[in-house]
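To start, the structure under review is shown below, and the notes come after it.
The values are calculated or read from the model by the stated rules, or taken from the named source; none is laboratory data. Being a predicted model, the structure only gives us computed values, none of them experimental. Here Cβ is always computed from backbone atoms with ideal geometry, including for glycine, and neighbour counts include all displayed protein chains. Ligands, DNA and RNA are stripped out before the accessible areas are found, and what is left, the full protein with its side chains, is counted by its heavy atoms. Shrake-Rupley method; radii C 1.70, N 1.55, O 1.52, S 1.80 Å.
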Amino acid sequence: MLKRKRKLIAMFLVLAVLLGGLQQTAVSGVKAQASVKTQTAVNNKVTVRTQTADGKNTVKKSNKAKAKLKGDSISEPADVTTGSAIYDDTLPTMDVSIKQGGSKQIKLKWNSYEGAAYYTVFYVKGSFHQTPDNSGNTSESTNDGKTENLSQKTLYNETEFTLNVSRGENYSFCVVAYSGADVALARTDRLTSCIPKKNSVRFTRLSSRRVKLSWNKSKGAEKYIIYKKVNNNKYRKLAETKKLRYNDGKVRAGKRYKYYIAAVGIYNNEIFKTESNAKSFVIANFVSTGHQKYSYHEMSGDLKQLANTYSDYVKVNVIGKSNDKRNIYDVVVGNPKAKKTMLVVSSIHAREYMTAQLCMAQIEHYLKNYNGRVKGVRLKSTLNKIAIHYIPMTNPDGVTISQFGISKIRDSKLRKALYRMPGAKSTSSWKANARGVDLNRNYKYNYHAKYGGRRGGSGYSGPYAESEPETKAVVKLINTLKNNTKLKGTVNYHAMGSIAFGSVRRGIKKTTKKTTIKMYNLARRITGYASSASYEKGGKSVGALREYTMYNKKVPSITLEIGVGGCPLPSSQFGSVWRRNYSLVIREARLLG
């Protein structure tokens, strides 16, 4: 009996062992199957690459729950990175609208496509051009032939896309709809758009009732719309044109006008537009000659007005800065590309500031009559052949001291030094610059350092030739004109005495002597000024501009001393000075041209 019980226990133990092994096997099988499913799910995570406009790739992984398994087969995903779907003409076409979203934004909008899980917007600066490389792959190139990587943006649950762009650049777009299995379902057409480049309007007064508006070609525009406002009224559409200019014959003195230009491009039946900044225009005389103290500040404002009103006829350049950081201007009247030039220099001596007023009045008079005549001279014809360069105020710091005193010098160190100089107590007769140097003794002709004693209101030649920024600016311009054009002659305006200087010493170049004498004789006939013969019997001038120009630079040169009596000249003399000189420079230009 005992033996039978032992046998039964042994059998049960064997069965238990067998059953335990089977259970272990089953559990292991279940774990293995789960592991395979997990690995499959990990391996089938969808990778979405987003490429920015600068070519940098970012990778985002999406744990989409949809499996890619269909029995034993796996559907092949579209190649999202290269954008091959945008060239697949077998795909259905989706509608898309491309509009201007802001001044520098392009906005795309499309309807959702049935079955689409997400959309990828492909875009490139330029146009799409599919070009195979050596390996058979494709890339996109712009219109100028430069290869660029395709940029893209993937969107979920969105059917709009906005891109910040540069004006005047073409951008091409294509939107592709993808299924959850990354299969391309449909695409839009490949479309190109451009927001036109911003430009700016320029004015040229043609007469007292007519102004020409002009502007540069705006890349991306096919036409231009001109808007005009009179005084404080609303803007109205004036005209539409494909040209780069428009003449408005309905302007009058006493009214203020404002204009702006809209550059318009039409892409995919949508309007893309960029507006220029509005600019003002008036028919008016700007240079005032009815008061004595024509200042640097007033001159600078007048130059801005003249440049705005007569943009085709005049250019204003800054050729240097004074010691107190005021601009030294070069005002170019006429064709800036003319092969011949002449130079007019005034207000070298501070108290002689009526010469700046005279030159500015001459400039405006010639611009107003550019399409007509002055004393028989056809200005347009003459100024097309020879451009006149004016330096109307060579010594702006000195003029400021003479007119308003040393307190108006902004630099504290200059101001402090000026108060200790001779002449500081009577600045109305100041001739020098803000460092007490007489600029008409600072040029490299018969120069003597520290001639005239010490720094002060007049006479001091400076520590060395061309020590002053004003002198350097004039010399630099003379050299530039000589190197790049035929500098035919110079006119220097001073005050006082109503005298013309044009004598020539021996040893000068024959052509320089001959032309100088012609200029001198013409100036005396026009102005009626006295001969300088009695003034030139003494020795050589020290560091004077006229002699430097003639003898060092071999350029014909004359000097005219306007007015009578002491300087500063009273405003009552301007009328007489104007009558004698208003036509002089343009007639000298005709002689030299």
Exercise for review: State the number of residues belonging to the stretch 485-524 that are in a loop (DSSP other than H, G, I, E, B), in contact with a Ser or Thr (Cβ under 7 Å, 6 or more places away or on another chain) and polar (S, T, N, Q).
Suggested key: 2
Review point. Of the residues SER458, SER534, which is under 27 Å from TYR329 (Cα atoms), among the polar types (S, T, N, Q) and open to solvent by 60 Å² or more (accessible area, probe 1.4 Å)?
Key: SER458
Review point. Has the stretch 251-273 got at least one residue that is farther than 16 Å from VAL201 by Cα, under 22 Å from the mean Cα position of the chain (by Cα) and either in contact (Cβ under 8 Å) with a residue 24 or more places away in the chain or open to solvent by 40 Å² or more (accessible area, probe 1.4 Å) (or both)?
Key: no
Review point. Does the stretch 324-334 contain at least one residue that is of a type in the set (Asp, Glu), closer than 17 Å to PRO196 by Cβ and more than 21 Å from the chain's Cα centre (by Cα)?
Key: no
Point to revise | Selection within the stretch 279-318 - small (Gly, Ala, Ser) and loosely packed, with under 14 Cβ neighbours inside 10 Å | key: SER280, ALA284, SER288, GLY290, GLY301
Practice item. Search the stretch 502-526 for residues that are within 20 Å of GLY539 (Cα to Cα) and small (Gly, Ala, Ser) and pair each with any residue that is open to solvent by less than 30 Å² (accessible area, probe 1.4 Å) and in a loop (DSSP other than H, G, I, E, B) when their beta-carbon atoms are under 8 Å apart and the residues are at least 6 apart or on different chains. Key: GLY502/SER532; SER503/SER532
Practice item. Return the residue satisfying two criteria in turn: it lies in the stretch 165-213 and is open to solvent by 10 Å² or more (accessible area, probe 1.4 Å) and polar (S, T, N, Q), and of such residues it is farthest from ILE261 (Cα to Cα). Key: SER179
Exercise for review: Please enumerate the residues belonging to the stretch 537-564 that are β-branched (Val, Ile, Thr) and open to solvent by 10 Å² or more (accessible area, probe 1.4 Å).
Suggested key: VAL542, THR559, VAL564
Practice item. Report whether or not ASN484 is without any contact (Cβ under 8 Å) to a residue 40 or more places away in the chain and under 39 Å from the mean Cα position of the chain (by Cα). Key: yes
Exercise for review: Specify the residue that is nearest to SER214 (Cα to Cα); the eligible residues are those in the stretch 238-266 that are assigned to a loop (DSSP other than H, G, I, E, B) and among the basic types (Lys, Arg).
Suggested key: LYS243
Check your understanding: Does the stretch 300-333 hold any residues that are farther than 25 Å from THR471 by Cα and part of a loop (DSSP other than H, G, I, E, B), and which are they?
Key -> SER311, ASP312, TYR313
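Inside the stretch 395-447, can you point out the residues that are of a type in the set (S, T, N, Q) and open to solvent by less than 20 Å² (accessible area, probe 1.4 Å)? Steps first, answer last, please.
Taking the stretch 395-447 first, the residues of a type in the set (S, T, N, Q) are 395, 400, 402-403, 407, 412, 426-429, 433, 440, 442, 446.
Of everything in the stretch 395-447, those that are of a type in the set (S, T, N, Q) and open to solvent by less than 20 Å² (accessible area, probe 1.4 Å) turn out to be ASN395, THR400, SER402, GLN403, ASN433, ASN442.
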Study note, to complete from the structure: Residue hits (the stretch 521-571; polar (S, T, N, Q), under 23 Å from ASP438 (Cα atoms) and touching a strand residue (DSSP E or B) at 6+ places or on another chain (Cβ under 9 Å)) are SER532, THR549, SER557, THR559
Revision key, fill the gap. Of the residues in the stretch 215-237, those that are in contact with a Phe, Trp or Tyr (Cβ under 8 Å, 6 or more places away or on another chain) and either outside any loop (DSSP other than H, G, I, E, B) or open to solvent by less than 60 Å² (accessible area, probe 1.4 Å) (or both) come to TRP215, SER218, GLY220, TYR224, ILE226, TYR227, LYS228, LYS229, VAL230, ARG236, LYS237
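Being in contact with a helix residue (DSSP H, G or I) (Cβ under 9 Å, 6 or more places away or on another chain) and open to solvent by 80 Å² or more (accessible area, probe 1.4 Å) is the filter here; which residues of the stretch 94-132 pass it?
GLN130
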Study note, to complete from the structure: Those residues of the stretch 116-133 which are at pLDDT 95 or above and either more than 25 Å from LYS273 (Cβ to Cβ) or hydroxyl-bearing (Ser, Thr, Tyr) (or both) amount to ALA116, ALA117, TYR118, TYR119, THR120, PHE122, TYR123
Practice item. Collect the residues in the stretch 352-389 that are in contact with a Ser or Thr (Cβ under 8 Å, 6 or more places away or on another chain), open to solvent by less than 10 Å² (accessible area, probe 1.4 Å) and within 17 Å of VAL318 (Cβ to Cβ), keeping them in residue-number order. Key: ALA356, CYS359
**Study point:** Wholly enclosed helices (runs of 4 or more DSSP H) of the stretch 375-475 bearing at least 3 residues among the β-branched types (Val, Ile, Thr)
**Key:** 396-404
